[in-house]
1. Filter the stretch 332-362 down to residues that are acidic (D, E) and under 23 Å from P318 (Cα atoms) and give me whichever is most open to solvent (accessible area, probe 1.4 Å).
2. Keeping to the stretch 434-447, report how many residues are open to solvent by less than 30 Å² (accessible area, probe 1.4 Å) and part of a loop (DSSP other than H, G, I, E, B).
3. So, of the residues in the stretch 135-182 that are in a strand (DSSP E or B) and out of contact with any helix residue (DSSP H, G or I) (no Cβ under 7 Å at 6 or more places or on another chain), which turns out to be farthest from ligand 1 (Cβ to nearest atom)?
4. I'd like the residue in the stretch 448-466 that is open to solvent by less than 10 Å² (accessible area, probe 1.4 Å) and at pLDDT 75 or above and, out of all such residues, is farthest from ligand 1 (Cβ to nearest atom).
5. Got a number for residues in the stretch 395-448 being on the phi > 0 side of the Ramachandran plot and out of contact with any Gly (no Cβ under 9 Å at 6 or more places or on another chain)?
6. Kindly list the number of the only condition in (1) closer than 30 Å to Q126 by Cα; (2) touching a residue at least 40 places away in the same chain (Cβ under 8 Å); (3) crowded, with 23+ Cβ neighbours inside 10 Å; (4) not charged (D, E, K, R) that fails for V390.
7. Might you let me know whether the stretch 417-436 holds any residue that is at pLDDT 85 or above and either away from ligand 2 (no atom under 15 Å from the Cβ) or over 30 Å from A92 (Cα atoms) (or both)?
8. Please verify whether the stretch 206-222 includes one or more residues that are acidic (D, E) and open to solvent by less than 20 Å² (accessible area, probe 1.4 Å).
Amino acid sequence: MVTSTSPRTLYDKIWDDHVVDVNDDGLALIYIDRHLVHEVTSPQAFEGLRNAGRPVRRPDCTLATVDHNIPTVSRKNFQSVATFIDEPDSRAQCAALEDNVKEFGLTYFGMTDKRQGIVHIIGPEQGFTLPGITCVCGDSHTSTHGAFGSLAFGIGTSEVEHVLATQTLLQKKGKNMRITVDGDLLEGVTSKDVILHIIGVIGTAGGTGSVIEYAGSVFRGFSMEARMSVCNMSIEAGARAGMVAPDEVTFNYLRNRPLAPKGDAWDRAEAYWRTLKTDDGAKFDIEVNIPSSDIIPTVTWGTSPQDTVPITGAVPDPSKIEDPVKRASAERSLAYMGLTANTLMEDIKVDKVFIGSCTNSRIEDLRSAAKIVLAAGADAKVAPNVDAMVVPGSGLIKKQAEAEGLDVLFKRAGFDWREAGCSMCLGMNPDQLSPGQRCASTSNRNFEGRQGSGAQPWPPAAAMTGKLTDVRKFMGATAEANIAAAPKLIVSSAFDFLDDPVLPPPEPQTAEEAKANSSLPPSDAPSTVQKFIIPLHIENVDTDMIIPKQFLKTLKRTGLADALFFTLRKDPHTGKDTDFHPEPRTNFGCGSSREHAPWSLDNFGIRCVIAPSFADIFKNNAMQNGMLPVVLPQADCFALAEDAEAGLDLEVDLEKQEVRRPNGKPAIPFTVDPFRRHCLLNGLDDIALTMQRGEAIAGFESRRSETWPWLDGFGFKGARIPVPVAKSGKKLDW
Ligand SMILES: CC(C)[C@H](C(=O)O)[C@@H](O)C(=O)O
Ligand code: SF4
């Protein structure tokens, strides 16, 4: 609600409109309009609320679903989570969410609701995601929702609790970065190729600390689905968030969605949304321009999303890479992938094909995949060496695809047609690869061990040939003739399937009911700030490496010590510890928002990590647990690593902000955010501090109700549950 006369970016405008309060260091309390919740990153947050006796502040702005753990087999015989989910930990996580939504009165799309689906699919589909909002979820791919011109980002479990309790977050503003792609795309180039190419250009840490605005004719020409795929993968470029300014494409997508404003409220909202674009002359901290003609169908060859190569290219030769760290990492990736340098990408065989995930499981993606099947010819079948599956992103997409006949087409060609969920993207459910299998996948991450041990995803579908294949081979005269000869598919509208009434969130249970119904275990003791001493150096590993997905199924923050670097530390055959030494690199903790990563470090006894740079969400999550991430230049990191490896003790003094070394070597100074330093030194808890700002938050909410009334849980028709305003107006001591 700031009115500024100087030109502002889209990000500046949304940020300014959400600041509840700000301190002299620029640390702001920002209001969160929309909160999506799933079963993996929420149990500990609800437990925190329960222990503190706090309600969810805005149930009308919170929407929950199950997606990561659920089996994708037919739900024809579904009776309950308890009988349907075999794996005990997955079952416990889903059951815990069911308990929690009842206890706290939250709207929930469960497994019998056709609106259930991947959290980043259902928000846009329902119109829960809107332009100009702040949107968070305990999931890194929350960046997807930025496609609507919103500020959307992933958070860890402590912040999930913070948002549930206060509907706000403590944040420092990030940098403004603009990536412009102008011109016409070459034939066969999709939104996924565009974002993979961008990541290949700027690197997986290229967006660290920034919010990316995607500008230029290429993004303007994209559908909402394509914009979502691009924004989804902003996190793979290290960015806090990605966004595209809203326009007619956005408004046409949203109009009449169940939770979008209607009538006068729509007109008012649209008038506001039309102001949400970067002003001429606004300043960006970083500008990147990419000619569209540089982009060709792209695949990854390694275990990082920046390991990209054109589909017409070959596996790179590590011996030609000069930088020793990059060379070692390429060698490691090739060994993991079972690939030989210089092999042509199109000669690589695959065992599985997975069409799904929050990046590419929308109706447009399923239609594109179906077009390839049709282009392959009337009787074309999935290659005999391939096991292929299609997992729609939501129950509604599944229904729409079935109405269009896509399921029949896929099944006839030999694909498995599944129920909605994250499925093989992360393999927390039974959809996993066997060791050594290779998967061509439409998902977003190719980290080690993600789809099953020793398994590896590749972006493009290769079901029909059994090898990575240039999609342009399914274009041209023969393909067109095959498509023309096939029976026409019906093209339907998503609106035909959005007919369910939007129910208000249920009334929360009473404390007695909650106690009687809860299946959650009792709480652990709250963590206390400890002395910071490190004997360890670890750098640039993604969070899948720090703690693999099988350990995310816990309801607690404890017991994760043995999970730390599990795949790297353990011999897969004997289960015994290996002499693993992570090599120093930048961008520690990139990838997912799992707070399990700092929990496992903490449980293992590591309270401080020193690295040349950290991924934003990891850094925040570590601080939330009273842990200290220290950023030092690469050379200092190497020097400290040598000391540690020689068995020497290093001392990290947070008060003096220096790392002290033995044997008279000079101490190395570091900087740390003053507010975070204050909290760490004094063991202060963010939520308690924010609760003291109750009046400021309530004041913001009243202004918000006047200015943007459609954000008050509009779809729930005034079912907003009033929360008492805290009496204390004490100014937060930042
Ligand atoms: C489980 C969740 C924390 C995680 C994420 O944050 O991205 C998952 O969705 C993933 O894709 O790795
Ligand atoms: S990236 Fe995969 S696991 Fe994560 S939310 Fe998306 S579909 Fe689910």
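1. Here the answer is D347.
2. Going through the stretch 434-447 one residue at a time, the tally reaches 6.
3. My answer is T180.
4. Top of the filtered list is G466.
5. Number of matching residues: 2.
6. (2)
7. Yes: the stretch 417-436 contains one or more residues that are at pLDDT 85 or above and either away from ligand 2 (no atom under 15 Å from the Cβ) or over 30 Å from A92 (Cα atoms) (or both).
8. yes
The values are calculated or read from the model by the stated rules, or taken from the named source; none is laboratory data. Just so it is clear, the structure is predicted and the values come from calculations on it, not from any experiment. Don't worry about glycine lacking a Cβ; one is built from the backbone with ideal geometry, like all the others, and counts go over all protein chains shown. Note: accessible area is taken over every heavy atom of the protein model, side chains too, but ligands, DNA and RNA are not part of it. Shrake-Rupley method; radii C 1.70, N 1.55, O 1.52, S 1.80 Å.
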